[in-house]
1. Which percent, to the nearest 5, of DSSP beta bridges fully inside the protein assembly as shown are antiparallel?
2. What pairs from A:Lys66/A:Lys123; B:Lys88/B:Lys408; B:Lys56/B:Lys448; B:Lys335/B:Lys448 go past 24 Å between their alpha carbons?
3. Within 10 Å of each candidate Cβ there may be at most 16 other Cβ atoms; applying that plus a DSSP loop requirement, which GluC sites (Glu not before Pro) in the stretch A:31-126 survive?
4. What does the C-alpha gyration tensor say about the overall shape of the stretch B:133-241? Classify as rounded when a/c is under 1.5, otherwise prolate if a/b is larger than b/c, or oblate.
5. Which residue, chosen from A:Leu73, B:Val357, A:Tyr121, occupies the Cα position most advanced towards the positive end of the dipole of the protein assembly as shown, where the dipole is computed from +1 (Lys, Arg) and -1 (Asp, Glu) charges on Cβ about the Cα centre?
6. Considering the protein assembly as shown, what Rg and Dmax in Å follow from its alpha-carbon atoms?
7. Of all DSSP beta bridges in chain B, what percent run antiparallel (nearest 5)?
8. Compute the distribution of all C-alpha to C-alpha distances in chain B, in bins of 20 Å from 0, and list the percent of pairs in each, rounded to whole numbers.
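Throughout, read-outs are computed from the coordinates displayed, never taken from laboratory work. If you're wondering where the values come from, they're calculated on a predicted model, not measured in any experiment. With ideal geometry, Cβ positions are generated from the backbone for all residues, glycine too; neighbour counts draw on all protein chains shown.
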Amino acid sequence: MKWTKNLSGGFTLVEMLITISVFIIVGVLLFSILVNSTGFFYQQSSRFNQGLGINDSLQNIRENIKEADLVSLSYPSTGTPEYSSNAANLILRFQSIDSSGNKIFNVFDYIVYTVSNGKLYFKVYPDTQNGSARKSADKILSHNVSAVKFEYLDTGNSAVAPDLADKVKVTLTLSQKAGLKFETNVATSEANLRND
Amino acid sequence: MINQSGQVFIFGIVSTGVVLVTTLLTIAGAQLYFQNTNYTLEVEKATALAEAGVDKAISSMNKTGGAYNGESETFFGEGSYSVVVTDKDAGTKIVEATGYIPGKDNPKVRRTVRIEMSKGVGVSFVYGVQVGEGGLELGNTNLITGSVYSNGNITAGNGNTITGDAWVAGGPQPDPDQVTDCMGLSCQDFIVGKNEGGNNQLDVAQSFKPASSGLLNKVSLKLKKIGNPPVINVRILKDSNGSPDKNGVLALGTLFNSLVTGNYGFIDVTFTTSPSLVADTTYWILMDTSQDNNNYWLWQNDLELSYLRGVPKWSPNWSTGNPEWNSISGDLSFKTYMGGAPTSIRGQSNFHVNGNVHANTIDSLTIDKDAYYQTIVNSTVAGSSNPGQADPPPKVFPLSEANIIDWKTQAESLPPVNYSVCTDGMVLGPGKISGSVDLGNGCEFTVKTPLYIAGNLIMNSNNKLTLSSEYGTASGVILVDGQININTHNELLGTGQGNSLLMALSTYDSRVNSIAAIIIGNNGNTGVFYASSGIIEPGSGNSYKELTAWGIRLVNSSSINYETGLSSQLFSSGPTGSFSLIKGTYQVK
């Protein structure tokens, strides 16, 4: 007997139900994988970006604390201060350097770390009028900064006034929305003022 | 239907592609983060290696007497470092140490630390005026911009002002309560802070019994040093069965390494609070060091056993659970000074102190901040009044007798310096002038340090003495055995770089005859003056950066303007001086 398919007969209801069910199950699974994968991607990207920001920021702060000769109470040191050293701002004083990299005694440059609108700023104010060759700067070290805390310590790790500090401890908290959640990273570093 | 087939498959392919891409991007991000974190860690390691190179350079310079020129590559830990030493000027060397991870060939990370070091004596002038037991006498209308620390009384006339704090220490008795010293062959070295013959002689103590009860004002230990040992602690302990009692620490003081030289000298140690001792009771003076076989101390030991009121002992660790104490044959040379001489700060009218006042007795002062005292009369205190306070302990002078002897020894080792009359472009020193120097008027010349004048130094007017520029930021000294007598408008100037200064120091002893060691006339004189055992009369209308003396008589209308940079002076030193880092020169490149 020769078997022939009736092409004009279409699919049976059972075939249609099975096909639609498979389609829905596969579609939901794929969609779920896509959503989770995208969420995971955002979360991890956020974590890496924050990690990179924290690494670079803390390295910058640590190196400059080491080279500073003093934590300045304010900048400018005379007149009305624009910034003051406290838990949220750090002002470091440096001996200026000439074009050969030699230190100029009794001439000082200042570096300010401050947070504004969720960004950690790094600002350099050289005393160019008295021969400093240090380059000025005003750049963002980190985005998504939810908190920064500067602690001023003496050699016995007791809290002291900023200008009496032998070392500075910094705690940087970054927070960013990743998908539905907030991704938060906290890092702490500490450095001694080598030129104090 | 045939043309619409495979839609699930296409959707699946697209979804898989998206998942694959995001996964790959996530892995790439993780890899970048991992590399960045590794790099950050390696930067820290490279910086630490470079700092190790700096430490090695300073240590090697001291060990070789300055013959160290650096090293091309030394492997250490996970990397290596190289050191280059160059001369900046006659007194200063530049050290550039570079740390490499993993090595100098094809480094992944490198960091360079640059410092400057100088062979010298670090001297810290912390107060605008520091006075010994001779005290401070202020005439009328003087202004001291800065703080005053006096081991003796402060007395003042009318209209004087101290802008900082005023401290008057409890006065020590003029003569030591206990003393042992030696001369000749019986004097031997006792090594402290080194493994000697298998013995870790790290903590060394000498016992004594005071003849009188009261506060122990200070002790002096006869010491010298090998290499450059660090600042250490000296403690006063009770006795426990013939050894120091680790649970009976009565006082803690600091022995400043800069005061000790390569020749024996009595080095003063004072304490944060003066301990109260009972007569004829045994106490111990303990030197607490850590082991360094290249940088350690020698305490003079008298093998004749002439001291009958105490014995010396050593221990590898005085504070351990059950410390082991070993006997030493001999007596370690020391002096103890008891307190008890009453001291005070007294004014007549309008004696103003803008800061805090610490003294046993305060009389007729206007104090803007707080007062700490036993007795107060006729005074106003804007801040808090704190009666019942113990007398402040005396402060050790920034230079020791040994520092001064070291400079003199260096000057005497050089060809003698001849001076008869001032000439243009004259350079005096380094070396010794056997006799007095009278500069007369208008003599401008260059000084090379140390310049040692065995007689008197006399200047009339308008003389200008400038330290040679070859010393860079370091300072210099003119040592005078006799009196320094200066009339008007004379200037003592440093090199002009940094905080460099030229200090005039007289060792003339005013303590018996009350004749001043340094007499400065009126108007226009400037400089830093130091009379280790003498009185300075600073005159009127002058301006000083710092004065240190056994006693000071500030007559009328003088001003002393203390500069904060004086807290870390580096003086070009004698033959036994050690290289040390110049503060403020640390740079990471």
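1. If I count the DSSP bridges inside the protein assembly as shown, around 60 percent turn out antiparallel.
2. Among A:Lys66/A:Lys123; B:Lys88/B:Lys408; B:Lys56/B:Lys448; B:Lys335/B:Lys448, the Cα-Cα distance tops 24 Å for B:Lys88/B:Lys408; B:Lys56/B:Lys448; B:Lys335/B:Lys448.
3. Here the sparse-neighbourhood loop sites are A:Glu82.
4. It comes out prolate by the Cα gyration axes.
5. A:Tyr121
6. Answer for the protein assembly as shown, Rg first and Dmax second: 34.9, 146 Å.
7. 50 percent
8. Each 20 Å bin holds this share of Cα pairs: 18, 43, 28, 6, 4, 1, 0.
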